[in-house]
Amino acid sequence: MQSPATDKPEPTAVNVNISNPTLTTADNSPLSPGIGRTLVFSDEFDQAKLDPEKWYFESGDGSQYGNPGWGNKELQWYLPDSAKLRDGKLVITARQEQANGKDFTSARISSVNRFAFRYGRIEARMRLPGGQGLWPAFWLLPQDKAYGGWAASGEIDVVEAVNLGASGSNVIVGSLHFGGSHPDNVSSGNEFLVATDVTSDFHVYALEWDAAQIRWYVDETLYSVQNSWWTSAADFPAPFDQPFYILLNVAVGGDFPGNPDTTTIFPVTMEVDYVRVYSGERP
């Protein structure tokens with residue numbers, strides 16, 4: 001499972017959280033055919049290091065946030081400096097190494113308390129990691145849990161995948177989580193078999209979000225539309241009528257992908273060329 005030890009974390013920590021970030025909330029206009037877009041947030045990852053005004057660097061196994069194993073019995077310990085900028089891209093690296101009793105490390109970053117948005121379009125150009133037990137994700141959570149704990153306040157998965165190149169083939173998933181608070185939550189979504197290898201090629205994964213409809217795209221190919229969801233705490237279109245923040249991470253193991261095996265080669269990386277959020281142009 002472990003490749004030669006040539007890719008180790010850089011010794012100097014550069015990802016440090018700030019204590020007083022400024023929250024920007026974008027209340028976007030929906031996108032309509034033939035109507036232009038206005039860029040309201042972007043990170044092109046072309047700086048010397050990640051901007052702590054844009055990104056929060058999560059650490060640990062979830063226990064620090066009252067969510068051991070991140071709710072999925074995952075095996076990694078998140079390290080802020082497993083997320084680096086390299087050649088104009090965000091690179092999240094998952095490694096097989098010891099950290100605080102865990103056998104794997106990776107990174108999870110989010111825009112919580114920094115940037116959140118409602119409606120419009122979000123997209124990222126990404127190359128995903130492959131291997132049994134690997135679970136990359138680009139997703140959204142509510143900035144304010146207006147309707148209660150997960151998943152009564154909702155979760156939007158722009159794209160996730162498990163076991164790419166192994167049992168997961170070349171299939172990606174876009175989905176919603178909603179309903180009541182766990183364990184009374186439900187989910188719905190669709191899979192899509194991408195035409196070329198998502199572990200070697202970059203693709204643009206996008207989501208367009210209106211008050212009554214959410215649409216998923218890969219390279220501008222529409223592959224999923226959802227217009228039915230609910231929460232136990234309010235009427236439709238809740239819970240997807242509130243601002244959500246952005247997350248990027250690579251999980252290792254857990255209930256969804258299963259654990260790595262002898263075919264899984266570490267270290268492995270997810271590369272993100274950019275993240276952009278657009279509003280539809282207002283009349």
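The values are calculated or read from the model by the stated rules, or taken from the named source; none is laboratory data. No experiment lies behind these values; they were computed from the predicted model shown. FYI the Cβ positions are ideal-geometry reconstructions off the backbone, even for glycines, and counts take in every protein chain you see. Remember, those area values only see protein heavy atoms, side chains included, never the ligands or the DNA or RNA. Shrake-Rupley method; radii C 1.70, N 1.55, O 1.52, S 1.80 Å.
Observations
- Residue among Phe236, Phe244, Phe138 with the largest mean-square fluctuation in a Gaussian network model of the chain, springs linking Cα atoms under 10 Å: Phe236
- Whole-Hz ³J(HN,Hα) from phi, Karplus 6.51 cos²θ - 1.76 cosθ + 1.60, for region 266-276, glycine and proline x: 10, x, 9, 10, 10, 10, 10, 6, 6, 10, 9
- The portion of the accessible surface of the chain made up by carbon and sulfur, rounded to a whole percent, is 49 (1.4 Å probe; DNA, RNA and ligands excluded).
- Spin-label pair Leu23-Trp230: with each label point 7 Å from Cα along the Cα-Cβ axis, the two points sit 2.9 nm from one another.
- Charge tally for Arg108 (other residues, Cβ to Cβ under 12 Å; Lys, Arg +1; Asp, Glu -1): -3.
- Descending by average beta-carbon neighbour count within 10 Å, the peptides 156-168, 89-101 line up as 156-168, 89-101, the highest first.
- Extending 7 Å from the Cα toward the beta-carbon at both Asn113 and Asp261 defines two label points whose distance is 4.2 nm.
- Integer Hz, Karplus 6.51/-1.76/1.60 couplings in order for region 47-57, x for Gly and Pro: 9, 6, 7, 5, 8, x, 6, 9, 10, 9, 9
- Derived scalar couplings between HN and Hα for region 58-72 equal 7, 10, x, 10, x, 4, 5, 10, x, 9, x, x, 6, x, 10 Hz in order, rounded to whole Hz, by the Karplus curve 6.51 cos²θ - 1.76 cosθ + 1.60 (θ = phi - 60°), x for Gly and Pro.
- Charge tally in the Cβ shell below 10 Å around Asp51, where Lys, Arg are +1 and Asp, Glu are -1, Asp51 excluded: +1
- Projecting the Cα atoms of Ala211, Thr105, Thr196 onto the charge dipole of the chain (Cβ charges, centred on the Cα centre) puts Thr105 farthest toward the positive pole.
- Percentage relative contact order, the chain, counting C-alpha pairs under 8 Å, at least six apart: 29
- Per residue accessible area of region 204-283, 1.4 Å probe, in Å²: 39
- Surface analysis of region 101-149 yields an accessible area of 24 Å² per residue, using protein heavy atoms and a 1.4 Å probe.
- Only the Cβ atoms of Lys and Arg (+1) and of Asp and Glu (-1) were treated as charged; on that basis the dipole of the chain about its Cα centre amounts to roughly 320 debye.
- Counting only lysines at least 8 places from Lys73 when in the same chain, those with an alpha carbon closer than 18 Å to its own are Lys102.
- Gain in span if fully extended, Glu281 to Tyr223, counting 0.36 nm per residue against the direct Cα distance: 18.5 nm
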